[in-house]
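Undergrad: Structure below; questions to follow.
What follows is calculated from the coordinates using simple rules that are stated; it is not laboratory data. Note that this is a predicted model, so its numbers are computed, not measured. Here the Cβ positions follow ideal geometry from the backbone for every residue, glycine too, while neighbour counts run over all protein chains shown.
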Amino acid sequence: MKAVNVENIVLSYENKKGKTIAVDDVSFEVEKGEVFGLIGPDGSGKTSLFRILTTLLIPDSGKANVCGFEIVKDYKKIRQITGYMPGRFSLYQDLSVEENLEFFATIFNSSIKENYGLVEDIYKQLVPFKKRRAGKLSGGMKQKLALCCALIHKPQILFLDEPTTGVDPVSRKEFWDMLARLKNEGITILVSTPYMDEAKLCDRIALIQNGKILNINTPEKINSEFGKKLFAVHSEDMYKLLSDLRAFTYTETCFGFGENHHLTLKDDSVGVEDIKIYLQNAGHKEPVVKIIEPGIEDSFMQLMKSN
Amino acid sequence: MKQLLVFIKKEFFHILRDPRSMLILLGMPVVQVILFGFAITNEIKNANIAILDNSKDEQTQKIINKIAGSTYFNIERSLVTNEQIDEAFKTGKIKLAIIFQPNFQNELTHTNSASVQLIADASDPNNATTLINYASSIILDYQNSLMGPNKLPYTINTEVKMLYNPELKGIYSSVPGVMALILMLISAMMTSIAIVKEKETGTMEILLVSPIKPWLIVISKAVPYFILSFINVTSILLLAVYVLGMPIEGSIILLFVMCVLYIFCSLALGLFISTSVSTQQAAMMVSLIGLMLPIMMLSGYMFPIANMPWILQMLSNVLPAKWYIIIVKQVMIKGLGFSGIWKETLVLLGMTALLILLSIKRFKIRLK
Amino acid sequence: MNLQETVIKTEELTKRFGDFTAVNKISFEVKKGEIFGFLGANGAGKTTAMKMLIGISKPTSGKARVAGYDVYKETEKIKKNIGYMSQKFSLYEDLTVKENIVLYAGIYGLSSKLINEKCDELINRLGLKNEQNVLVGSLPLGWKQKLSFSIAIVHKPQIVFLDEPTGGVDPVTRRQFWDLIYEAAYNGITVFVTTHYMDEAEYCNRVSIMVDGVIEALDTPANLKKTFNASSMDEVFLKLARKAKRSDN
């Protein structure tokens, strides 16, 4: 039995802009115990999809099962076995860390003692602050508390909607370390995130944009489908480099990627040396050009283009 | 059960940790009662008046003494001529002039009828009416004391007697009104805000995706405010009885039972509001404009319903507060038992049931 | 582009709240036309420091000059000469694109003639000609951000402060946004930006990293990577931020 089974889900809503399609004919499956990432920018449909799977919204059409239960008929059963962390911190700001945890444990007919082992690693970090009001914690700490509260009743499946948004890189990394440790407990975890670099921390990912899934697979397989040579180019004047590369006749795409610009070409036969020569002629003294393996962001941007 | 308790505990935390709402919830009723009991009153005290005694005999003197002795009036000046009357009014120094006809005593003893003219400054008509009424009652009172047990056949006896509230004390009307207002605000407004807050901050999402039953969420929101409302009812009644000197003529238990019914009605109203709005601000606005304003204007609290145009009278029937105020007055001031208020009680029960039913129907177990 | 001119200079700038020191004697300079990355974990003191620089928070001690004006006494002049954009500060959703541009241009003190000019220029450059009368609320997030940035520099300020401007946006739009930043810097506007995307740190000329209220590192991304023996800015940041005692206050 798959942990999650989604078939042709469609969701749209009306607002000032008219009719917007939030989830556009989405289908996928998630295995039990997987860490499954839903990767895409704001407005791509991640939150809507999560809300459908956690039975908070009914789709316009399509079917879905969570742990074998149907999302419309069996919503009560799903709500018993699910842990849910909605987007942005939303626990009780004026309750302390301890009080929040106790509250959520109790409404799930559990207690902190019962499942302490599950949250111990995370909770240890919060213990020095356990009497502090949740509203006064830093962003990273808040998310850790929210994770504890979602876990405290030992759910079968965890839905984390953008748990690391707005949180600094160190806390983000710690959070993902925690998720990796949770995997060992056999809990299925669905995470959504706009940060592409977090994709490689998942078992499988679905890239989503404008309500449509662009690709679903392990990060490695997605990258292997890139299908083109990818060049990383660097020179002393990066801004000039960008415009020069974009002016290059063979250039298909050129994007900034921090230290290097990533370049794809229309013509497969054009190589590193050709690019170097072009750049030197354009006035770059010692351009560095390498062929690199594409990352998730490269794949995402390529898939975006073809849609 | 454990779930309900931990929920209620959480709600109390929210309330107690917000000092502003604590101030409103517990301080406001006290302030209101004191304000309405002492400071704001429709009564008139020490109104400046003038007397023009064209007769200057024993009778007029007695009447004047009686008037002077009343706390309502302060004889600011004695006039001598008619021309002075105009001037006294124009300068705004007096609000009422009492003018005795010449040969007052003679006329009274020989023809059994004499006249007193009362001229009031009606630029404030309510004031003027009140002053005229006060003065008339004093004069009538004196007239009655004059006549004794033997009533002459052609004298028309006007008996003025103010039932239940002989001194026409304003608080008799204001205390029930204040109670209706406060309970409605606390039970309806605060409850609806508390429920909507969960929606607004996003915690409602987490609560929904949990085994907890939705009705439990709702009840746990209502319980703290029920308790607070009850405390407020008690404190208002204590204040009214011991500080403002208001009596409780009827059964105290019946009174409390009726208060509890009204609290339930208000809580149900709060629930209903929370199912219809999605922001705390909206909940507050609806409560203030949809509840407080109509209660103050239409429930009979400040203005008598009987004086209102027909359509407003109809509208006032929709307000639970109106029925509650009637019940409180019947029990507290007139000392009636259940037989005197069964009709109004039925109305309140009906409203409560209807609101609860509607709220249950409208409570969303999903978003959107 | 005069690279020598200093547009921001701080000397032991400090901010205390009671006995808690949020920003502890930071000293640094930013040159005209630079893209300066101002990084740090939550709680490190970044936001507090930035508030002092844009003139909305008074320092406890130390000195600082922004756009040539003193942060204690000339905050109004500072505000006139800088632009500001953040995730939270957004445009008016129920005004159209054009109305927003005109509104902010007016707030920044441009003359009516100049407002109209700039308005057309901006609309054309962003390719929003067909959308100029569309409510901003209806625009996709990426367009809003680009519009927001363009409006922040409509009055050609000396410095533009960007507070995490690219949160949540898709990778293509993010880069288009940085194209705008590059262009602004090329035209002499100094860009002071904070971000949680470490790859964006690489786009900056120089980067400073705050830890526990102090600037622990300030250099070009390339030098920082060498110094900390790291292959990416992400690693540099992790190595530094891990040292922090003050991850939660």
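Undergrad: Looking at chain A as a GNM with Cα springs under 10 Å, which of A:Ser111, A:Ser138, A:Ser224 has the largest mean-square fluctuation?
TA: Comparing A:Ser111, A:Ser138, A:Ser224 in the GNM, the peak value goes to A:Ser138.
Undergrad: Taking the square root of 5 times each eigenvalue of the Cα gyration tensor, what semi-axes in Å does the equivalent ellipsoid of region C:171-225 have, largest first?
TA: Each semi-axis is the square root of five times an eigenvalue, giving 22, 13, 11 Å.
Undergrad: So, one more: Need one number: nm distance between label points at A:Lys228 and B:Val80, each 7 Å from Cα along Cα→Cβ, rounded to one decimal.
TA: About 11.4 nm separates the two model spin labels.
Undergrad: Another question about this same structure. Which is the longest stretch in chain C that no exposed loop site breaks, taking sites as trypsin sites (Lys or Arg not before Pro) with a DSSP loop state and at most 13 other Cβ atoms within 10 Å?
TA: With a cap of 13 other Cβ atoms within 10 Å, the longest stretch comes to C:89-242.
Undergrad: Does anyone have the angle between helix C:233-242 and the longest principal axis of chain C? Alpha-carbon axes, 0 to 90°, nearest 10?
TA: 50 degrees
Undergrad: Based on the Cβ-Cβ distance from B:Ser145 to B:Lys93, what FRET efficiency comes out when R0 is 35 Å, to the nearest 0.05?
TA: My answer for the efficiency is 0.70.
Undergrad: For region C:1-140, what does the relative contact order come out to in percent, with C-alpha contacts under 8 Å and a separation of six or more?
TA: Normalised by residue count, the contact order of region C:1-140 is 19 percent.
Undergrad: Counting Lys and Arg as +1 and Asp and Glu as -1, what is the net charge of the other residues whose Cβ lies under 10 Å from the Cβ of C:Gly37?
TA: Residues near C:Gly37 contribute -2 overall.
Undergrad: Something else about it: Using the Cα centre as the reference, give the magnitude of the dipole from point charges on the C-beta atoms of the protein assembly as shown (Lys, Arg: +1; Asp, Glu: -1; all else neutral), rounded to the nearest 20 debye.
TA: The calculated dipole for the protein assembly as shown is roughly 1300 debye.
Undergrad: Have a look at C:Val191, C:Gly168, C:Trp178 and report the one farthest towards the positive end of the charge dipole of region C:162-209, computed about the Cα centre with Cβ charges (Lys/Arg +1, Asp/Glu -1).
TA: Comparing the listed Cα positions along the dipole, C:Val191 ranks first.
Undergrad: May I pose another question? Going by C-beta contacts inside 10 Å, put C:Phe149, B:Phe303, C:Phe20 in order with the fewest on the left.
TA: C:Phe20, B:Phe303, C:Phe149
Undergrad: Starting from the Cα of B:Lys343, draw a straight line to each of the lysines and keep only those under 22 Å, dropping any in the same chain fewer than 8 residues away.
TA: B:Lys322, B:Lys329, B:Lys334
Undergrad: Would you mind giving the mean number of other chain beta-carbons within 10 Å of the Cβ of each residue in C:165-174, as a whole number?
TA: Mean shielding by partner chains, rounded to a whole number: 6.
Undergrad: On a full-extension model of 0.36 nm per residue, what is the gain between B:Ser115 and B:Ile24, subtracting their alpha-carbon distance, rounded to one decimal in nm?
TA: 27.3 nm
Undergrad: OK, next. Could you tell me which residue out of C:Ala222, C:Trp143, C:Val211 lies farthest along the dipole of region C:143-232 toward its positive end? Charges go on the beta carbon: Lys and Arg +1, Asp and Glu -1, centred on the Cα centre.
TA: The one lying farthest along the dipole's positive direction is C:Trp143.
Undergrad: Please give the charge dipole size of chain A, origin at the Cα centre, charges +1 on K and R Cβ atoms and -1 on D and E Cβ atoms. Round to the nearest 20 debye.
TA: 1040 debye
Undergrad: Can I ask one more? Give the lysines reachable from C:Lys225 as a straight Cα distance under 18 Å; neighbours fewer than 8 places away on the same chain don't count.
TA: Leaving aside lysines fewer than 8 places away in the same chain, those within reach of C:Lys225 are C:Lys239, C:Lys243.
Undergrad: Related question: Starting from the alpha-carbon convex hull of the protein assembly as shown, give the projected area averaged over all orientations, in nm².
TA: Seen from a random direction, the Cα hull of the protein assembly as shown projects 51.9 nm² on average.
Undergrad: Report the extension gain between C:Gln87 and C:Tyr72 in nm, rounded to one decimal, defined as 0.36 nm multiplied by the number of residues separating them, less their alpha carbon distance.
TA: 2.8 nm
Undergrad: Chain A: longest stretch without exposed trypsin sites (Lys or Arg not before Pro) (DSSP loop, at most 16 other Cβ within 10 Å), sites themselves excluded?
TA: Here the longest run is A:133-227.
Undergrad: Given the C-alpha centroids of region A:35-99 and region A:103-134, what is the distance between them in whole angstrom?
TA: About 21 Å separates the Cα centre of region A:35-99 from the one of region A:103-134.
Undergrad: A:His234: net charge of surrounding residues, Cβ under 15 Å, Lys/Arg +1, Asp/Glu -1, itself excluded?
TA: Its environment carries a net charge of -1.
Undergrad: Next question. Please compute the Kirkwood hydrodynamic radius over chain C, one decimal place, Å, based on all pairs of different Cα atoms.
TA: 18.8 Å
Undergrad: In whole percent, what relative contact order does chain B give with Cα contacts below 8 Å and a gap of six or more residues?
TA: Once divided by the residue count of chain B, the mean separation gives 19 percent.
Undergrad: Let me ask something else about it. Give me the inter-chain shielding for C:195-203: mean count of other chain Cβ atoms within 10 Å, whole number please.
TA: 5
Undergrad: A further question on this structure: Using the 10 angstrom Cβ neighbour count as an exposure proxy, how do A:Leu279, C:Leu141 rank, fewest first?
TA: Fewest-to-most Cβ neighbours within 10 Å comes out as C:Leu141, A:Leu279.
Undergrad: Here's a follow-up. In Å, the Kirkwood hydrodynamic radius of region C:64-178 over pairs of distinct alpha carbons?
TA: Taking the inverse mean of 1/r over all distinct Cα pairs, region C:64-178 comes out at 14.8 Å.
Undergrad: To check you understand DSSP bridge types, tell me what percent of the beta bridges within the protein assembly as shown (both residues inside) are antiparallel, rounded to 5.
TA: 55 percent
Undergrad: Defining a contact as two alpha carbons under 8 Å apart and six or more residues distant in sequence, what relative contact order in percent does chain A show?
TA: Contact order relative to length: 20 percent.
Undergrad: Return the calculated 222 nm mean residue ellipticity for chain C, to the nearest 500 deg cm²/dmol, obtained by summing -39500 (n - 2.57) across DSSP H runs with n ≥ 4 and dividing by the residue count.
TA: Theoretical 222 nm ellipticity from helices: -11000 deg cm²/dmol.
Undergrad: Rg to Rh for region A:187-307: what is it, with Cα atoms only and Rh by Kirkwood?
TA: Reported Rg/Rh, Kirkwood definition of Rh: 1.03.
Undergrad: For labels at A:Lys131 and B:Asn106 in the simple 7 Å Cα→Cβ model, what's the distance in nm?
TA: Here the answer is 9.3 nm between the modelled labels.
Undergrad: Which aspartates and glutamates, on any chain, are close to B:Lys197 with Cα under 17 Å apart, when same-chain ones fewer than 8 places away are left out?
TA: Once the sequence-local aspartates and glutamates are set aside, what remains near B:Lys197 is A:Asp94, B:Glu11, B:Asp18, B:Glu205.
Undergrad: Of A:Lys290/C:Lys32; A:Lys142/A:Lys173; C:Lys80/C:Lys146; A:Lys144/B:Lys221; A:Lys240/C:Lys9, which ones are farther than 25 Å apart at the Cα?
TA: Long pairs (Cα-Cα over 25 Å): A:Lys290/C:Lys32; A:Lys144/B:Lys221; A:Lys240/C:Lys9.
Undergrad: Only residues of region A:67-94 count here: report those whose backbone N is under 17 Å from the spot 7 Å along Cα→Cβ of B:Thr201, or say none.
TA: Residues A:85-94 qualify, since their backbone N sits under 17 Å from the label point.
Undergrad: Right, next: What ranking of B:Trp215, A:Trp176, C:Trp178, B:Trp310 emerges when the number of other C-beta atoms within 10 Å of each C-beta is taken as an exposure proxy, fewest first?
TA: B:Trp310, B:Trp215, A:Trp176, C:Trp178
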